[in-house]
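The values are calculated or read from the model by the stated rules, or taken from the named source; none is laboratory data. Owing to the predicted nature of the structure, the values given are computational and were not obtained by experimental measurement. Virtual Cβ from ideal backbone geometry, glycine too; neighbours counted across all protein chains shown.
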Amino acid sequence: MHRRTKKQRLRIRRYLTPFFFLLPALFFIVIFVLFPIVNTIYLSFVQENGSLGLANYQEVISRSEFINYGRPITAGPPYGAFIHNLIWIALHLPLSVFFGLLLAVLLRDVKGGAVIKSIIFLAMIIPMVVGGVMLRFMYNDDAGVVNGFLRLIGLGNMTRSWLAYANTCLLGLIVGTVWIWTGFCMVVYSAGLQGIPVELYEAAKIDGASRWRTFWRITIPQLRSATIVVVTMTLLWVLKVFDLVFIEFGGPGGSASVMAFQMYLDAFYSFNFGTASVWATLLTVMTFGIAAYMVKRMAES
Amino acid sequence: MNRNKGLTTNQWIAIAVAIIIVIAAVFGAWYLYFQPTGPKKLTVISLWSGTEEDNFLQVLGNFTENTGIESRHIGYSTQELKITIPTQLAANASIFDLAIAPWPADILNWANKGYLVEVTDLIDASKYPAGFINPVKDSTGKIWAVPFKASAKPGFWYRKSIWQTNGWTVPTATTNYTQFKALLATIKADGEANITGFKAPIASGDTVGWPLSDTTEAFIMGLGGYQLQEELIAGSINWTDPEVKNVFSNLTELLNSGYFGTPAEAWTDPIPDLWDGKYAMYFQGSFITAQPTVLNQSDFAFFPFPGWNGETNGVAGSVDYVVLPKYTEKMTDAKKLLEYLAGADAQEIMVGLGGFLATNVDVPASAYTTIDLTVLDFISKSSVHIVGDLDDSIGGTFQTTFWSQLRLLWTDPATRADLDAFLEKLQEFAP
């Protein structure tokens, strides 16, 4: 009988030991993450008659709640949850990244900057549902700060209950999420700025580079890793946005509805877990794809 | 080799945290296992908050005094209750012992799935008008819920003194829809000219959508007759039918004319503005009289929807039904509370506090407040038919679609006047 040498046993032991320590975490990940994902994907293929097929996908994708096919862009929302998600990304991502970077740079050398940053970051730590309720107040016709500001600058005729209208509900919520999320972007960029060697700025100064040139040639390239983190987290966060939309219950006629909200409606209002799983699967595929790509980019950088 | 065998600060912290977690887990498990096993309170869930909840707590207090059985009430929002009840029942569990909901279609659906206890033998069905019992009776005659209280949507509520001051004539039984439109034009012109902060002739309810549904139902019954609402509930007429389209064309005309205000955040929000004259009227259920913002009930009244030939012949009635889940652990006590709520004693307390109508015929007229008696008198007229609330009666996905589409129509009627698409959307989800 072949017996392993002591060296071989040691090698196997070394190989298996990390897995032994990973077991508790893996156990929970399999039970609470992997199994639900696999089961949801499986459910998305289970048709009404119990057989497996693509009927649920066909149903969801053909719905006007997914893409409001044929609706001209000039007609205004609702365009469908999928399109709303894309609009959300297209507006929220650049705005929150821009304001996060701007605030981080502006507050870098300001006395008391840490306190101001903490105040800005507060929006990030409040529960999203609370943020949604606050947004409703902010956009309120009579008492809202947005309309108050418009009145202050002489645009009182533009005041309205912004979230009550289909044309402005989606945009209002997106602006709200920018307010909530900018704090996160600012904090990540602030940390990134701390990591840039001072010598680089000193060298640029000696070479007579302007502030603007220094910013573009040193600060921005050095913040590449931070930007990848910010963009990744923002994309993932925006794709799964739900709470704010729930507060407005999808907006008038679904004008602010997103995929996560449609999933909720299908699951808990229609009790159609097949189509709800389709929404969930589509979201998972999108988030996984984005996350995988961005993590790869991060590793490369 | 110099190896430091002492623990670092981080390791000490980790050990301390681990010890705290273990202690908390042990105490938690001990508490859950050995917690006192005395009688627990019954839990009733409903949509009520504010005055409505305060009044109901008095009813529960009276029940405790009579029986010694303690109970508590948890109020949910419409969206919360819409998912809390079915998800709990579907999980064969229940955090509540009784639930009160105004959705007969959903109740029959839950009963059909075997989630509820039949109440046929727990109540005397002859004590309730058939219109209240039939919606929760299945095809075999079994009754699945107890009608606890009702409310009617009798018409447009207004403040008398505001109308007197502005010289607006309150519609009577013979005022027709054309005259009503002329009145709205007058109110709009007067309001914009004379009232500071005037918003619109008619206030619109909250953004959830049910108050918009109630107003729409008034148009359906006022302009199409109560039979039209019944047909829509039964699914015997399509939403795309020209008769239905005609109703919505008229509604859209008023929306486009700016006679309706922007939907408020909560249905109670417009009441202070109604009181101040910023709105002239507000279509609401009789429960509006129980609101504390209605500062003087003697200065408050309603007029029914003026149809083509005068007063409407239909009124939507909404009933709050009590259901008993199979999964309550306190079945005996829950049944006692259910029987109590079905009785005249409990309902007399509730209606006496204002804003509601009893479902039990043994509740005397003397129990009602003066203003609620005017509602009772109106719906008791032989010419007026009480019809089930449309969206509550159909329920399911139609209800949320209806609410959502109405919010769209209300806030952007000019560019969304494609009524065919709007009605086709409703038809898609209709029974």
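Among the residues of region B:81-122 satisfying the criterion of being of a type in the set (Asp, Glu) and more than 27 Å from B:Ala316 (Cβ to Cβ), which is surrounded by the fewest Cβ atoms within 10 Å (Cβ to Cβ)?
Here the answer is B:Asp121.
Let's see how each residue does on (1) at pLDDT 95 or above; (2) more than 22 Å from B:Lys153 (Cβ to Cβ); (3) touching a His at 6+ places or on another chain (Cβ under 7 Å); (4) assigned to a helix (DSSP H, G or I):
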{"site": "B:Thr293", "(1), (2), (3), (4)": "no, no, no, no"}
{"site": "B:Ser318", "(1), (2), (3), (4)": "no, no, no, no"}
{"site": "B:Val322", "(1), (2), (3), (4)": "yes, no, no, no"}
{"site": "B:Ala346", "(1), (2), (3), (4)": "no, yes, no, yes"}
{"site": "B:Gly354", "(1), (2), (3), (4)": "no, no, no, no"}
{"site": "B:Val361", "(1), (2), (3), (4)": "no, no, no, no"}
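Quick one: which of A:Phe82, A:Phe137 is of a type in the set (Phe, Trp, Tyr), assigned to a helix (DSSP H, G or I), farther than 15 Å from A:Trp237 by Cβ and away from chain B (no Cβ under 14 Å)?
Every option except A:Phe82 fails the conditions.
Just to be sure, is B:Asp389 under 30 Å from B:Asn309 (Cβ atoms) and in contact (Cβ under 8 Å) with a residue 12 or more places away in the chain?
yes
Tell me, which residue of region B:388-431 that is within 25 Å of B:Tyr321 (Cβ to Cβ) and among the acidic types (Asp, Glu) is surrounded by the most Cβ atoms within 10 Å (Cβ to Cβ)?
B:Asp391
Pull out all pairs, ordered by first then second residue, where Cβ-Cβ is under 8 Å, the residues are six or more apart or on different chains, the first lies in region B:238-249 and is assigned by TED's automatic domain parsing to the domain that holds B:Phe219, and the second is small (Gly, Ala, Ser).
B:Asn238/B:Ala430; B:Trp239/B:Ala430; B:Glu243/B:Gly224; B:Val244/B:Gly224; B:Asn246/B:Gly224; B:Val247/B:Gly224
Go through region B:403-431 and count every residue that is in contact (Cβ under 8 Å) with a residue 60 or more places away in the chain, touching a Gly at 6+ places or on another chain (Cβ under 7 Å) and either in a helix (DSSP H, G or I) or within 13 Å of another protein chain (Cβ to nearest Cβ) (or both).
Selection size over region B:403-431: 4.
Please specify each residue of region A:49-68 satisfying the condition of being in a loop (DSSP other than H, G, I, E, B) and surrounded by 12 or more Cβ atoms within 10 Å (Cβ to Cβ).
A:Gly53, A:Leu54, A:Arg63, A:Ser64, A:Glu65, A:Phe66, A:Ile67, A:Asn68 - these are the residues of region A:49-68 that are in a loop (DSSP other than H, G, I, E, B) and surrounded by 12 or more Cβ atoms within 10 Å (Cβ to Cβ).
For region A:147-176, give me each residue that is surrounded by fewer than 21 Cβ atoms within 10 Å (Cβ to Cβ), part of a helix (DSSP H, G or I) and more than 10 Å from chain B (Cβ to nearest Cβ).
If the condition is that a residue be surrounded by fewer than 21 Cβ atoms within 10 Å (Cβ to Cβ), part of a helix (DSSP H, G or I) and more than 10 Å from chain B (Cβ to nearest Cβ), then A:Gly148, A:Phe149, A:Leu150, A:Arg151, A:Leu152, A:Gly156, A:Asn157, A:Met158, A:Leu171, A:Val175 are the ones that fit.
Just the residues that are buried (at least 18 other Cβ atoms within 10 Å of the Cβ) and either touching an Asp or Glu at 6+ places or on another chain (Cβ under 7 Å) or part of a helix (DSSP H, G or I) (or both), please, taken from region A:217-227.
A:Thr219, A:Ala226, A:Thr227 - these are the residues of region A:217-227 that are buried (at least 18 other Cβ atoms within 10 Å of the Cβ) and either touching an Asp or Glu at 6+ places or on another chain (Cβ under 7 Å) or part of a helix (DSSP H, G or I) (or both).
Which fully enclosed helices (runs of 4 or more DSSP H) of region B:102-172 have 1 or more residues being among the polar types (S, T, N, Q)?
B:104-112, B:160-166
Kindly list the number of the only condition in (1) crowded, with 23+ Cβ neighbours inside 10 Å; (2) hydrophobic (A, V, I, L, M, F, W, C); (3) out of contact with any strand residue (DSSP E or B) (no Cβ under 9 Å at 6 or more places or on another chain) that fails for B:Trp308.
Condition (1) is where B:Trp308 drops out.
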